[in-house]
1. Would you mind ranking Leu126, Leu75 by Cβ crowding within 10 Å, fewest neighbours first?
2. Once you have the Cα-Cα distance between Arg92 and Phe117, take 0.36 nm times their residue separation minus that, and quote the gain in nm to one decimal.
3. Say R0 is 41 Å: what FRET efficiency, to the nearest 0.05, do Arg40 and Ala81 get from their beta-carbon distance?
4. Taking 8 Å as the Cα distance limit and 6 or more residues as the minimum spacing, I'd like the relative contact order of segment 48-124 as a percentage.
5. Which order do the peptides 50-57, 111-118, 128-135, 63-70 come out in when sorted by mean C-beta neighbours inside 10 angstrom, highest first?
6. Using the 10 angstrom Cβ neighbour count as an exposure proxy, how do Tyr139, Tyr91 rank, fewest first?
Amino acid sequence: MTAADPRDPRDPADPGEPSDSGEPRDPRDLYDSGEPTPPRPVRPPRNRSGWFGLALAGAAFLASLLVAWTGAVLLAALGLALSVTGLVRAYRGRATNGAAAAGGLALAILTIALGFFWAHQAQPCLPFSQDTKKFSQCYQDHTGLL
């Protein structure tokens, strides 16, 4: 008589096979197919990034529009990133404020475009950057702000 081949998949002494006593091999087999699985816990929507994106983009837009602050472009870039995150979460169903995130995205893009416009308008004033008085006068003449 020969010994059983350990690689034989039909070997009844294999410890990986379920025993004849009816014990389940996998814990997921404990649930009957007729019984419903336990419900998943309900998570609250993750709306913060969409709202923060809208708030940052709105603040950046106002700062860029009212005083032509160049830091508004950086604030708008942060608002853009948070708004995109909020839109992705809304698309996947993890957030409920897709409209706020879309508004933040639109304001952020508009603010970045406005920042490039102000930078173009202020281009002739760069030679006066060492003299604050001349630079302010030139900047006001070219942009109408300050």
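1. So the residues, fewest neighbours to most, are Leu126, Leu75.
2. 5.5 nm
3. Computed FRET efficiency for Arg40 and Ala81 comes out at 0.90.
4. For segment 48-124, the relative contact order is 42 percent.
5. 50-57, 111-118, 63-70, 128-135
6. Fewest-to-most ranking of Tyr139, Tyr91: Tyr91, Tyr139.
Since every read-out is calculated from the coordinates, none of them should be taken as a lab result. Note that the coordinates shown come from a computational prediction; the quantities given were computed from them, not determined experimentally. Cβ coordinates were reconstructed from backbone atoms using ideal geometry, including for glycine residues, and neighbour counts include every protein chain displayed.
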